[in-house]
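Some notes on the structure that comes next.
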Amino acid sequence: MEEIVQISRLNFAYGEQLVLKHIDLTVAAGSTLGVIGPNGGGKTTLLKLLLGLHQPSRGQIRIAGLSPSQAIGRGSVVGYLPQNPRADRNFPLSARQVIGLGLVGKTGMLRRHSPADLEFVESLIERMELIDVANTPIGELSGGQQQRAFIARALAPRPRILLLDEPTTGIDRRGQQRFIELIQNLKTELKLTIILASHDLRAVTAVSDRLACLNLTLHYHDIPQRLPAELVYEMFACDLAALGGRAALPVDDVRAASPQQCPSKTAEKSPCY
């Protein structure tokens, strides 16, 4: 199977602070990789490196055989949904116009979009169940509708890879389930490769073929079913305690935690916390 993303011996630092160290990671075409880990563990930084917004301190990244900047420059290789995308209520463009902006990276600002591209945008509006609000100003849409519109914008140039940064933040359980179903359907219909960075273990395990546990270094990279229960406990003990029990976690043999059991971020035995 083709490895559409190849990361080798990657280091990255903000000034003197090393954020990512010795990262070796591949992503197979057509797969979904879930990236989990704590705040400050490097998840968003990794996405920014894939987007060409940062340059590695050491090592290299190849996306479909290209450097990140080359892949982004093509306009049709990588799509991106940032964390908490929201439009101002007074933003003047309609949902349809915002989705159409996704074509700019592919065709350029001053070139006319092809009929096939415009037809694809309309198909995305239908897929996202936005037909009834397509001509409504984007800022007047609900949070869920705006998220679907921004996903459609990311998909408008028909990218091979979709990057998602904390896509379920601020969404209720029903909305999360709808999001999971949407992503699974889009992946199949559009033959996407998806890289999803999130704290939401339930959502990540529901959609991912493989998980990567990231906190400075890569501590785990395998199928979700093999994720060690003790590692899950160490990563999510504080969240579990705050929720009042073990039912919040999808791994059956993770024991319930008390606030005193919450591991320190610096604890060596808790690599992903």
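Each reported figure results from applying straightforward, stated rules to the coordinates on display, with no laboratory input. Just so you know, these numbers come straight off a predicted model, no measurement behind them. Note: ideal-geometry Cβ built from the backbone for every residue, glycine included; neighbour counts use all protein chains shown.
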Based on the Cβ-Cβ distance of residue 93 and residue 116, what FRET efficiency does E = 1/(1 + (r/R0)^6) give at R0 = 22 Å, to the nearest 0.05?
-> 0.45
Kirkwood hydrodynamic radius of the range 7-114, from inverse mean 1/r over distinct Cα pairs, in Å | 16.1 Å
If each part is reduced to its alpha-carbon centroid, the range 133-166 and the range 69-104 end up apart, in Å, by 7 Å
Using the count of nearby Cβ atoms within 10 Å as a rough guide to exposure, how do 1, 128 rank from fewest to most?
-> 1, 128
Once the piece of chain linking residue 123 and residue 6 is laid out straight, how much longer is it, given 0.36 nm per residue of separation minus the C-alpha distance between them?
-> 39.0 nm
Provide the FRET efficiency to the nearest 0.05 for the residue 225-residue 131 pair, computing r from the beta carbons and using R0 = 30 Å.
-> 0.20
Label-point separation (nm) for residue 189 and residue 177, each offset 7 Å from Cα along Cα-to-Cβ?
-> 2.1 nm
